[in-house]
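Chemist: Have a look at this one.
The values are calculated or read from the model by the stated rules, or taken from the named source; none is laboratory data. The structure displayed is predicted, hence computed values, not measured ones. For neighbour counting, all protein chains shown are included, and Cβ atoms are generated from backbone atoms with ideal geometry for every residue, glycine included. When the accessible area is computed, the model is the full protein with side chains, heavy atoms only, and any ligands, DNA or RNA have been set aside. Shrake-Rupley method; radii C 1.70, N 1.55, O 1.52, S 1.80 Å.
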Amino acid sequence: VNVVGLIARKRDGETLAQTEIEFLINGYAEDRIPDYQMSALAMAILLRGMSAQETAHLTRAMLATGTTLEWTDVNEPIVDKHSTGGVGDKISIILSPLLACCGLRVPMISGRGLGPTGGTLDKLESIAGFRTDLSLDEIQHVIRDVGCVITGASAEIAPADKRLYALRDVTATVESIPLITASILSKKLSEGLDALVLDVKFGTGAFMQNYDQAKLLARSLVDVADSMGVKTTALLTDMNQPLGIACGNANEILESIDVLSGSGPADVRALTLRLAGELLISCKVCSEMTAAIRLAAAKIDSGEALKKFRAMVRAQGGDLDRICKPVTGHVLVANRQGYIARIDTRKLGMAIIELGGGRKQLADEVDFSVGLDMLVRVGDPITSDQQLLQVYCEQGIDQALEAMLRSAIEIGDAPVSPLKLIHETIQN
Ligand code: URA
């Protein structure tokens, strides 16, 4: 098979066969196809797209370059959630132990911050000792002992994606729905899942800002995962304001513990319960959403979910009594009265990075104590001296950062409706 010929066929909008896609992905994973040819192919895919079937072949080929976890002696359903990422999105930290309490098993492979969106692994590392580099054997052990685990992708998990993602990042080929679908699912499906729920976000703080694009991505993810035998549901959720109050690392862990304790922001609790409900229905633990949400809520309100979280943290080497402390550095106060008209959530995420709470370069160290508490929401009426944001940053903030934060929160004169969080459910 001629690599140049295959690139040319995709460039000309033709459909590639399963064997051709496997040849390209295996060749890349085994170093027979160089980065420059894979870059050209990625750009051809970005410009010409792929059919649902080609995307499924691509996902399968990428998954097959690594290991898929096997759960032969585990009787409970194996499930996971993936979020396309947002600011203040700490749902995984609450949902994993909650699902384990409901009789499901959750071998969650998670990621680090990407652009303005935070990363679950970074947040968890604000707990002293917490390990996010578990081996596949260790994942198996924690699932058997505790029922849930949250760790990073080891070298055995979809190695083709690791290389291809890094290449896409520097060749302007990240924004392709077939490539994103194969990238996300080749990692998630390596967990050996029975069911998956996806939180696909749209809005100012989301990877896919545009609603229609987010919906196309959700549809592609659901179709491909279903075609590979994993019952999948996607929710389209609003990221035009942070999720909950806390945005950062340590402060998000503290807020997660609040939600696991039965308090915390209502939007975080509601979305967690709904995502849990989708999986409980997919796995036939419950037959309808009201009962599923009631079951999950009872596991939080009885204290079981928090106990499970403590057990997971302990199993991964963490000490919940030693969480990095967020230090108050500055409070941003409104300079006029009115209504919160719009929040540029992306700018808030970028401000956290600017303060050291995220990475500008891969090798940067994260300051887990840095973060923001968002004290207002879109539609809130506010007075001229009302607190808008609490900034956690030991050294305080400079004028440029204050201006950046201020410009992220638009105050208008006219009343504005509050934002709806969950917009649509996509499933087959
Ligand atoms: N997240 C991923 O894992 N892959 C993508 O391509 C985009 C977001």
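Chemist: How high is the relative contact order of the chain? Use alpha-carbon pairs under 8 Å, at least six apart in sequence, and give a whole percent. Let's see the in-between values first.
Modeler: Values: 909 pairs, mean separation 83.0, N = 428.
After rounding, I find 19 percent.
Chemist: Charges only on Cβ, +1 for Lys and Arg, -1 for Asp and Glu: so what's the dipole of the chain about the Cα centre, in debye to the nearest 20? Could you put the intermediate results ahead of the total?
Modeler: Details: 42 positive and 54 negative charges, 94 e Å.
Its charge dipole is roughly 460 debye.
Chemist: While we're here: Where only protein heavy atoms count, and the probe is 1.4 Å, what is the accessible area per residue for the chain in Å²? Intermediate values should be presented prior to the final figure.
Modeler: Working: 17300 Å² over 428 residues.
Result: 40 Å² per residue.
Chemist: Of the listed peptides 387-399, 409-421, what is their order by residue-averaged count of other C-beta atoms within 10 Å, with the highest listed first?
Modeler: Working: 387-399: 17.2, 409-421: 13.4.
Top of the packing list down: 387-399, 409-421.
Chemist: Give me the net charge for the shell around LEU332: Cβ to Cβ below 12 angstrom, other residues only, Lys and Arg +1, Asp and Glu -1.
Modeler: Details: positive: ARG406; negative: ASP373, ASP385, GLU402.
So the surrounding residues net to -2.
Chemist: Magnitude of the Cβ-charge dipole of the stretch 209-269, K/R +1 and D/E -1, about the Cα centre, nearest 20 debye? Provide the component values of the computation, followed by the final result.
Modeler: Details: 4 positive and 8 negative charges, 37 e Å.
My answer is approximately 180 debye.
Chemist: Sticking with this one: On a full-extension model of 0.36 nm per residue, what is the gain between TYR211 and ALA172, subtracting their alpha-carbon distance, rounded to one decimal in nm? Please list the in-between numbers first.
Modeler: Working: separation 39, 0.36 × 39 = 14.04 nm, distance 2.13 nm.
Extra length from TYR211 to ALA172 when fully extended: 11.9 nm.
Chemist: Would you mind pulling out the separation of the Cα centroids of the stretch 309-331 and the stretch 348-403, in Å?
Modeler: 20 Å
Chemist: Show me 296-303, 343-350, 265-272 ranked by packing, highest mean number of other Cβ atoms within 10 Å first. Before the final figure, lay out the partial values.
Modeler: Details: 296-303: 17.5, 343-350: 23.0, 265-272: 19.8.
Descending packing order for the listed peptides: 343-350, 265-272, 296-303.
Chemist: How large is the Kirkwood hydrodynamic radius of the stretch 130-273, in angstrom, based on all distinct alpha carbon pairs?
Modeler: Values: mean 1/r = 0.0580 Å⁻¹.
Kirkwood radius, the stretch 130-273: 17.2 Å.
Chemist: Separate question: Taking only Cα atoms of the stretch 47-165, what ratio of Rg to Rh do you get with Rh as the Kirkwood inverse-distance radius?
Modeler: So for the stretch 47-165, dividing Rg by the Kirkwood Rh gives 0.98.
Chemist: Quick one: net charge around ALA153, please, counting Lys, Arg +1 and Asp, Glu -1 for every other residue with C-beta under 9 Å from its C-beta. Show your work: numbers first, answer last.
Modeler: Values: positive: LYS162, LYS187; negative: GLU156, ASP161.
Here the charged neighbours net out to 0.
Chemist: I would also like to ask the following. What's the FRET efficiency of ALA128 with SER384 using the Cβ-Cβ distance as r and R₀ = 45 Å, to the nearest 0.05?
Modeler: On the way: r = 42 Å, r/R0 = 0.93.
Computed FRET efficiency for ALA128 and SER384 comes out at 0.60.
Chemist: Calculate the all-directions average of the projected area of the stretch 208-365's alpha-carbon convex hull, and give it in nm². Walk me through the intermediate numbers first.
Modeler: Values: hull surface 53.1 nm².
Over every viewing direction, the Cα hull of the stretch 208-365 projects on average to 13.3 nm².
Chemist: What relative contact order, as a whole-number percentage, does the stretch 344-426 give when Cα pairs under 8 Å and 6 or more residues apart are counted? Each step should come with its number before you reach the end.
Modeler: Numbers: 73 pairs, mean separation 25.8, N = 83.
Rounded, it is 31 percent for the stretch 344-426.
Chemist: From the residues VAL268, THR232, ALA297, which one has its Cα farthest along the dipole of the stretch 229-361 in the positive direction, the dipole being from +1 and -1 charges on Cβ of Lys/Arg and Asp/Glu about the Cα centre?
Modeler: My answer, from the dipole projection, is THR232.
Chemist: Of the peptides 283-290, 128-135, how do they stack up when ordered by the mean number of other Cβ atoms within 10 Å, highest first? Walk me through the numbers before you get to the answer.
Modeler: Numbers: 283-290: 14.2, 128-135: 15.9.
Result, highest mean Cβ count within 10 Å first: 128-135, 283-290.
Chemist: Share of the chain's accessible area from carbon and sulfur, percent, 1.4 Å?
Modeler: So the carbon and sulfur contribution to the accessible surface is 50 percent.
Chemist: What's the FRET efficiency of SER227 with ARG314 using the Cβ-Cβ distance as r and R₀ = 35 Å, to the nearest 0.05? Please report the intermediate quantities before stating the final value.
Modeler: Details: r = 39 Å, r/R0 = 1.10.
Efficiency computed from Cβ-Cβ geometry: 0.35.
Chemist: Right, another one. Over the chain, what is the percentage of antiparallel beta bridges among all DSSP beta bridges, to the nearest 5?
Modeler: Details: 24 of 42 bridges.
Antiparallel bridges make up about 55 percent of those DSSP assigns within the chain.
Chemist: To continue, here is another question. For the pairs LYS201/LYS360; LYS215/LYS420; LYS187/LYS308; LYS201/LYS308; LYS188/LYS420; LYS90/LYS123, note any where the Cα-Cα span goes beyond 19 Å. All intermediate terms of the calculation are to be shown ahead of the outcome.
Modeler: Values: LYS201/LYS360 23 Å; LYS215/LYS420 16 Å; LYS187/LYS308 25 Å; LYS201/LYS308 28 Å; LYS188/LYS420 28 Å; LYS90/LYS123 8 Å.
Correct reply: LYS201/LYS360; LYS187/LYS308; LYS201/LYS308; LYS188/LYS420.
Chemist: To continue, here is another question. Run through all the Cα pairs of the chain and give the fraction in each 20 Å bin from 0, expressed as whole percent.
Modeler: Computed distribution, short to long bins: 26, 57, 17, 0.
Chemist: Can you tell me the convex hull volume per residue for the stretch 321-428, based on C-alpha atoms, in Å³ to the nearest whole number? Please list the in-between numbers first.
Modeler: Numbers: hull volume 17.6 nm³, N = 108.
Spelled out: Cα convex hull of the stretch 321-428, divided by residues, is 163 Å³.
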